[in-house]
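Working notes for the structure below.
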Amino acid sequence: MEKKDIRNAVLSHLAVMGTKYVPAGVSARHVHLSREDLDRLFGPGCALHPCKALSQPGQFAAQERVTVSGPRGELANVRVLGPVRGQTQVELTFSEAKKLGIPGQIRMSGDVDGTPGCTLKGPAGQLVIPQGVIVPARHLHLSPQQAACLGLKDGQAVSLRMSGQRGGTLDQVICRVGEGHDLEVHLDTDEANALCVTDGDLLELVMPGG
């Protein structure tokens with residue numbers, strides 16, 4: 001059993017007893033690619049090469065990187081995450097979107113209709129995506145069993161509190177409950193830096209939504 005599995009089992013047990021904490025995962029800018037766009041950027045038939053497993057089962061950081069370009073600038077060496085998805089999506093912080101001159105729209109992953117686009121550049125070519133650039137909404141991953149322990153439901157908004165000198169409360173954290181999810185709140189680097197949150201820090205569940 002991995003350390004995170006032991007940690008999450010302990011947190012689930014504590015939740016049943018009334019002490020509710022969730023671990024943090026800090027998510028840097030990254031790109032999810034469709035099969036078609038992966039071929040255009042890296043060459044026909046290219047496969048993503050995993051270099052690090054991520055906290056959510058089956059997800060991984062790939063060796064492949066792209067450049068994300070907007071009207072005011074570009075960000076090089078943006079990591080591609082796998083596996084391949086049905087549609088391409090670029091996840092940035094508000095600070096990064098502003099640097100590129102792209103309007104920052106807060107969305108849940110996969111909700112890209114009507115969002116801004118950008119130019120993606122890879123070693124085999126480049127392409128313009130008409131939509132797909134989002135600022136990811138802060139969200140809490142849970143398995144159905146973990147959600148039951150914490151008394152939470154899919155789509156519910158909760159608040160989490162970080163202690164310390166730069167501590168504070170994060171509201172509107174959306175619960176994502178389902179098989180293939182594991183207990184962890186995902187924050188982008190803007191949010192994490194503001195509260196001095198690092199990977200693995202525990203945040204207290206202080207206000208379950210109704």
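Quick one: in segment 16-34, of everything that is within 24 Å of the chain's Cα centre (by Cα) and farther than 30 Å from V133 by Cβ, which residue is most open to solvent (accessible area, probe 1.4 Å)?
Looking only at segment 16-34, we keep the residues that are within 24 Å of the chain's Cα centre (by Cα), and these are 20-34.
Of the ones still in play, those that are also farther than 30 Å from V133 by Cβ are 20-21.
Details: K20: 57, Y21: 78 Å².
Within segment 16-34, the match that is most open to solvent (accessible area, probe 1.4 Å) is Y21.
Considering (1) open to solvent by less than 40 Å² (accessible area, probe 1.4 Å); (2) of a type in the set (D, E); (3) under 26 Å from I6 (Cα atoms), say which one E191 fails and leave the rest.
E191 satisfies every listed condition except (3).
Just checking, how many residues over segment 115-130 are assigned to a loop (DSSP other than H, G, I, E, B) and open to solvent by 40 Å² or more (accessible area, probe 1.4 Å)?
Residues of segment 115-130 assigned to a loop (DSSP other than H, G, I, E, B): 115-117, 123-124, 130.
From what is left, the residues that are open to solvent by 40 Å² or more (accessible area, probe 1.4 Å) are 123-124, 130.
Looking only at that region, the number is 3.
Here is a check on your reading of the model: is R72 among the charged types (D, E, K, R), touching a strand residue (DSSP E or B) at 6+ places or on another chain (Cβ under 7 Å), surrounded by fewer than 18 Cβ atoms within 10 Å (Cβ to Cβ) and modelled with pLDDT of 95 or more? First the steps, then the outcome.
Numbers: among the charged types (D, E, K, R): yes; touching a strand residue (DSSP E or B) at 6+ places or on another chain (Cβ under 7 Å): no; surrounded by fewer than 18 Cβ atoms within 10 Å (Cβ to Cβ): yes; modelled with pLDDT of 95 or more: yes.
Spelling it out, it is not the case that R72 is among the charged types (D, E, K, R), touching a strand residue (DSSP E or B) at 6+ places or on another chain (Cβ under 7 Å), surrounded by fewer than 18 Cβ atoms within 10 Å (Cβ to Cβ) and modelled with pLDDT of 95 or more.
Which one of D5, D37 is of a type in the set (D, E, K, R) and open to solvent by less than 50 Å² (accessible area, probe 1.4 Å)? Write out each step before concluding.
Working: D5 fails: open to solvent by less than 50 Å² (accessible area, probe 1.4 Å).
After applying the criteria, what remains is D37.
Any idea which of P116, P130, P136, P123 is in contact with a Phe, Trp or Tyr (Cβ under 9 Å, 6 or more places away or on another chain), at negative phi and at pLDDT 95 or above?
Working: P116 fails: in contact with a Phe, Trp or Tyr (Cβ under 9 Å, 6 or more places away or on another chain); P130 fails: in contact with a Phe, Trp or Tyr (Cβ under 9 Å, 6 or more places away or on another chain); P136 fails: in contact with a Phe, Trp or Tyr (Cβ under 9 Å, 6 or more places away or on another chain).
Step by step, each of P116, P130, P136, P123 is checked, and only P123 is in contact with a Phe, Trp or Tyr (Cβ under 9 Å, 6 or more places away or on another chain), at negative phi and at pLDDT 95 or above.
So K52 ticks every box in (1) within 23 Å of L75 (Cβ to Cβ); (2) assigned to a strand (DSSP E or B); (3) in contact (Cβ under 8 Å) with a residue 12 or more places away in the chain but one. Which box is left unticked?
Every listed condition holds for K52 apart from (3).
Scan segment 195-205 and tell me whether some residue there is among the small types (G, A, S), under 21 Å from V78 (Cα atoms) and surrounded by fewer than 19 Cβ atoms within 10 Å (Cβ to Cβ).
Keep residues of segment 195-205 that are among the small types (G, A, S), which gives 200.
Filter again for under 21 Å from V78 (Cα atoms), leaving none.
Checking segment 195-205: not a single residue is among the small types (G, A, S), under 21 Å from V78 (Cα atoms) and surrounded by fewer than 19 Cβ atoms within 10 Å (Cβ to Cβ).
Please state which one of V173, V112 is crowded, with 19+ Cβ neighbours inside 10 Å, in contact (Cβ under 8 Å) with a residue 24 or more places away in the chain and assigned to a strand (DSSP E or B). Break it down into steps so the answer makes sense when it comes.
Numbers: V112 fails: assigned to a strand (DSSP E or B).
That would be V173, the only listed residue that is crowded, with 19+ Cβ neighbours inside 10 Å, in contact (Cβ under 8 Å) with a residue 24 or more places away in the chain and assigned to a strand (DSSP E or B).
Please work out which residue is most open to solvent (accessible area, probe 1.4 Å), limiting yourself to segment 131-159 and to residues that are farther than 30 Å from F42 by Cα, out of contact with any Pro (no Cβ under 7 Å at 6 or more places or on another chain) and of a type in the set (A, V, I, L, M).
A148
Report, by residue number, each residue of segment 176-210 that is under 16 Å from the mean Cα position of the chain (by Cα), closer than 16 Å to R161 by Cβ and in a strand (DSSP E or B).
V185, L187
Taking segment 40-69, which residues are open to solvent by 70 Å² or more (accessible area, probe 1.4 Å) and among the aliphatic types (A, V, I, L, M)?
Listed by number, the list holds a single entry, A53.
Checking G25 against (1) under 23 Å from E191 (Cα atoms); (2) outside any strand (DSSP E or B); (3) not hydrophobic (A, V, I, L, M, F, W, C), only one condition comes out false. Which one?
Status for G25: all satisfied but (2).
The values are calculated or read from the model by the stated rules, or taken from the named source; none is laboratory data. Since the model is a prediction, treat every value here as computed from it, not as a measurement. Backbone-built Cβ (ideal geometry, glycine too); neighbour counts: all protein chains shown. What goes into the accessible areas is simple: the full protein's heavy atoms, side chains included, and nothing from ligands, DNA or RNA. Shrake-Rupley method; radii C 1.70, N 1.55, O 1.52, S 1.80 Å.
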